[in-house]
Amino acid sequence: MTQPAPAPLRAAVLGLGMMGRHHARILQALPGVAFAGAVDPAGDRHGAVRDAELVFPSLERLLEATRVDMAVIALPTEEHLPAALALADAGVSMLIEKPLAASSAEAERIIDAIGRRGLAAAVGHVERFNPSLMALRERLLAGQLGDVFLVATERVGPFPERIRDVGVVKDLATHDLDIVRWVADAPIATVSAQTAHRTGRPHEDLVLVTGRLASDVPFNTIVDWLTPTKTRRTRVLGDRGMLVAETVTADLTFYENGRVTSDWTSAQALRGVSEGDATRYALARSEPLRTELEAFRDLVAGDPDAPVVTLAQGLAAVRTAEAVLESAAGGRTVQVAP
Ligand SMILES: NC(=O)c1ccc[n+]([C@@H]2O[C@H](COP(=O)([O-])OP(=O)(O)OC[C@H]3O[C@@H](n4cnc5c(N)ncnc54)[C@H](O)[C@@H]3O)[C@@H](O)[C@H]2O)c1
């Protein structure tokens, strides 16, 4: 006899800003999920929720009106802690947008509250679900590059006016600090950083990080809110060439080291002796946020192997961001707490 389909999970979104509106769009159409509602005291300014009756001014009002099994916290970073504690109190599983919290102390309080209730939880490091980075990592771990020499990331672009509570290190570089650790499959051991404040805001708007993974591979990251064009690139250099993921377009290219020799010495000198073929892979381009929410839904539904970014990994990114800020402030290399 076939089993009846499980009841859909009731999902909510807290915050209908730039990020929350996309979570709401996807959750209203995700199989296995029933949209329970959204919370934003400023209302639904982007028209993200189809049924206006499902927009609530506070979490309390939402929870009075309906049952919620899982929620996405898409609030300004400083609001993650109170929202996560309130959801944990109400027994609601949660996906918390990155960075997990504004500080590692706050992240630890969130982890503790969720752990005590035994709830499912994940962190929204959505780059992990970008097809180009997923394919890069798979190829890297399969040994395509041989020995890895360097992981380098670049995340630069204009300032998004709405972010006021944290600087570029916690807001954006947490993506890179998570990506570097994840693609190379080793924790970050040390960081040495420089920051700059160019636009008169209280927090930094540019950071350069050089560091080393526990596997001894060096890495390098540049992140800013000062560049007029947007770049999101992860480059891994190894024995056999280089893989480059561009996450804005979800492109992955392999630049192979050359195997042929030539006697055309002047051209060789200009191009470098080991330039070989370049291959841009054809990738299935699923929307990363949808893949992330599918994984979270599966986790809440009871799949312990759902490929979510864990709270411990979210905490590691925040701790590494703090080490970056400490390094920049003190002008020295900082060991990252394990
Ligand atoms: N994963 C990513 O790539 C990515 C991208 C952008 C932002 N983010 C993260 O998403 C979060 C939200 O960022 P954003 O850019 O959407 O911000 P935003 O300012 O555009 O939106 C935040 C929304 O939350 C609402 N809000 C504030 N306090 C609230 C409360 N207590 N309850 C309910 N709603 C409240 C505001 O009215 C606003 O509409 C941040 O943590 C940010 O770091 C992640």
Checklist outcome for this item: Checking G115, G91, G124 against a Gaussian network model of the chain (alpha-carbon springs below 10 Å), the top fluctuating residue turns out to be G115
Item to check | Residue with peak Gaussian network fluctuation, the chain [Cα springs, cutoff 10 Å], from A328, A86, A173 | outcome: A86
Item to check | DSSP bridge pairs, the chain: antiparallel proportion in percent, nearest 5 | outcome: 60
Item to check | Estimated 222 nm signal from helices in the chain, with DSSP H stretches of n ≥ 4 weighted -39500 (n - 2.57), rounded to 500 | outcome: -9000 deg cm²/dmol
Checklist entry - What shape does the stretch 11-82 take by its C-alpha gyration tensor, where a ≥ b ≥ c are the square roots of the eigenvalues and a/c under 1.5 counts as rounded, a/b above b/c as prolate, and the rest as oblate? => result rounded
Checklist entry - For the stretch 94-199, what does the alpha-carbon gyration tensor say about shape, rounded, prolate or oblate, given a ≥ b ≥ c as the root eigenvalues, a/c under 1.5 as rounded, and a/b over b/c as prolate? => result oblate
Next on the checklist: For the chain, take the longest principal axis of its alpha carbons; what is the angle in degrees between that and the long axis of helix 104-117, to the nearest 10 within 0 to 90?
Outcome noted: 50
Checklist entry - If one computes the Cα centroid of the stretch 302-329 and of the stretch 10-77, what distance in Å separates the two points? => result 25
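To the nearest 20 Debye, how big is the dipole of the chain about its Cα centre, given +1 on the beta carbon of each Lys and Arg and -1 on that of each Asp and Glu? Write down the numbers at each step before the final one.
Working: 35 positive and 43 negative charges, 68 e Å.
Roughly 320 debye for the chain.
Read-outs: derived from the displayed coordinates by stated rules, not from any lab. As the structure is a prediction and not an experimental result, all values here were calculated from the model. Cβ sites come from the backbone with ideal geometry, for glycine too, and all protein chains shown count toward neighbours.
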